[in-house]
Structures are given as C-alpha cells and as structure tokens.
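Structure first, commentary second.
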Amino acid sequence: MGTSERTIRVTVWNENVHETTEEAVRQRYPEGIHGAIAAGIRDQLGAGAAVRTATLADPEHGLTEEVLADTDVLTWWGHAAHGEVSDEVVSRVQRHVLGGMGLVVLHSGHLSKIFRQLMGTTCTLRWRAGDDRELVWTLKPHHPVARGVPSPIVIPAQEMYGEVFDIPDPDELVFVSSFTGGEVFRSGCVFYRGNGRIFYFSPGDQAYPVYHQLEVRRVISNAVAWAAPTGDGRDAPKLRNSPLGWYDEEAEGQS
C-alpha cells in the first residue's frame, strides 16, 4: 500500500532556540516555529497527515532510529545552532533520505549539516535583514508543490536571500523570488538523492510571521505530500553485480 492510500507520517523538526531565548520570537511563535509549521500541515492536509514535532533539546534531537523509521517526510528548520546537531544524527537522517524518506528544508536550514551533506556544497548565499517585500514567482505551475498557490505569493516583510546560492543545479526549479532591492533567489528547489525526494523552500525567518501565512503553509504542505515515498520499505540504491544474462533471467522471473 503506497502513501497515497494511507496517512503521511510527518516529523516537523526545529532547533527551537530563538523561541526560548528571544521574547519577540516567542510572542510571534508561541508554540514555536515547529508548532506553526505543524499547524499549517494539519490545516492543509487534515486527516491525510499524522504530524509530530521534535527539537534540538530532545534526546538524540528527537530523531532516533525509531522515529525516522516511522517518518515518511521530515521538515527541517534551523538557524542559530547548526553546529550543535550531532554528526551521528545527521548521518542517520541522510541514510533515511537516501532510503526514501522525504525531506523539506526551510529557510536558514540551507546551512544545516544535513542539507550541506546532501548537496555537497557550501550552500552559502547573500542575505539582508531589512524588512524586504518578497515576491515568490511560480516557474512550474503544474508541479504538485505549486498546486493551488498564487503567483506571485506576496510576503510583505521578510529577510532577503539573494544569489549566488551555492547549491548544485536543482533537478527542478519550482519558485524564484524577487526582493525590494532587486535581488533574485532560487527559492523553491527540488533535488533527488538516492530514493529520497528533497524540497528546499526559503521563505520563513524567525523575525517575521511568515509561517502563519496561508500561501506559505500551502507550499509546505504540498511539498510534504509530494516528498512522501510512494511505496513501502526503505532501501538506498546499492552496488549490484550483474552477470551476463541477468536481464533475461529477471524478465523470466516476472513473467
């Protein structure tokens, strides 16, 4: 039975540092950024998603082997404490992504250990904290992640992200953003790694109420539904020795 016929199991991960150390962020996100993201997914996907949250302070950051094995899609938000994430946990998450678990990386998660490890680049960019208006333009209106999303999405105030964004060329580029200062940014990027699907979406700084915005919640929820594996099991691609005639023998076995 594929995930189209069952509830998508979602784990929303957030380092939860700004909310516990900055009163303004706590007021903006009283349930934490993870709480706002989880609420958006529940609102958009309803009974189609079972959502849990995990944070940096949890044992093993809340990302134990058991939790990841029970997760179809992991969303990731981090900013102030990338270096505090255990390398062991990062390797564990990477193994599950390569095996088929979906990963949705949000905003400053571009510098997270897991995203940089999966991309193999610095994932650096230009930025400016200046209350810029962000326009998120849809480049692939028929992509599942863009379903029901207006073009552009207007975000009244947001941190500016600009090129050059040091990532591999995306396998698909769904959104691009423009900012008050004239900068542009590849803000909605699809990557395939092993058997896993990855979506990076940049809007969502802790200093702004972006994760309360309906259109942003819709993109994230669409990405969760798209990134969910289509079948059971979790198995990364393997090196296989194929003797002469393997194709004919395999075809006979399927007949």
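A few points about this structure:
- Residue within the range 16-31 that is under 17 Å from Pro203 (Cβ atoms), among the aliphatic types (A, V, I, L, M) and either open to solvent by 10 Å² or more (accessible area, probe 1.4 Å) or not in a helix (DSSP H, G or I) (or both) present: no
- Qualifying residue in the range 216-226 (condition: within 14 Å of Ala146 (Cβ to Cβ) and open to solvent by 60 Å² or more (accessible area, probe 1.4 Å)): yes
- Considering only residues in the range 51-60 that are touching a helix residue (DSSP H, G or I) at 6+ places or on another chain (Cβ under 9 Å) and either under 13 Å from Arg217 (Cβ atoms) or not acidic (Asp, Glu) (or both), the one that is most open to solvent (accessible area, probe 1.4 Å) turns out to be Ala57.
- Hey, Ser202 open to solvent by less than 30 Å² (accessible area, probe 1.4 Å) and within 14 Å of the chain's Cα centre (by Cα) or not: yes
- Pairs where the first residue, in the range 46-73, is within 17 Å of Glu19 (Cα to Cα) and the second is among the aliphatic types (A, V, I, L, M) and assigned to a strand (DSSP E or B), C-beta under 9 Å, 6+ apart: Thr53/Val12; Ala54/Val12; Ala54/Leu74; His61/Ala54
- Within the range 170-255, strands (runs of 3 or more DSSP E) holding 2 or more residues that are under 30 Å from Glu22 (Cβ atoms), in contact (Cβ under 8 Å) with a residue 60 or more places away in the chain and in contact with a helix residue (DSSP H, G or I) (Cβ under 8 Å, 6 or more places away or on another chain): 196-201
- Condition met for Asp166 (open to solvent by 10 Å² or more (accessible area, probe 1.4 Å) and touching a helix residue (DSSP H, G or I) at 6+ places or on another chain (Cβ under 9 Å)): yes
- Only one of the listed residues (Phe175, Phe165, Phe115) is under 19 Å from Thr11 (Cα atoms) and aromatic (Phe, Trp, Tyr). That residue is Phe115.
- Which numbered condition Val10 fails, given (1) free of Cβ contacts under 8 Å to residues at least 40 places away in the same chain; (2) open to solvent by less than 60 Å² (accessible area, probe 1.4 Å); (3) under 27 Å from Gly231 (Cα atoms): (1)
- Long-range neighbours under 7 Å by Cβ, at least six apart or interchain, first residue farther than 24 Å from Ala157 by Cβ within the range 135-146, second modelled with pLDDT of 95 or more and among the aromatic types (Phe, Trp, Tyr): Pro144/Trp226
The values are calculated or read from the model by the stated rules, or taken from the named source; none is laboratory data. It should be emphasised that the depicted structure is a prediction, and the values quoted were computed from it without experimental measurement. Every residue, glycine among them, receives a Cβ derived from its backbone with ideal geometry; neighbour counts consider all protein chains shown. Side chains are part of the model used for accessible areas, which takes the heavy atoms of the whole protein and leaves out ligands, DNA and RNA. Shrake-Rupley method; radii C 1.70, N 1.55, O 1.52, S 1.80 Å.
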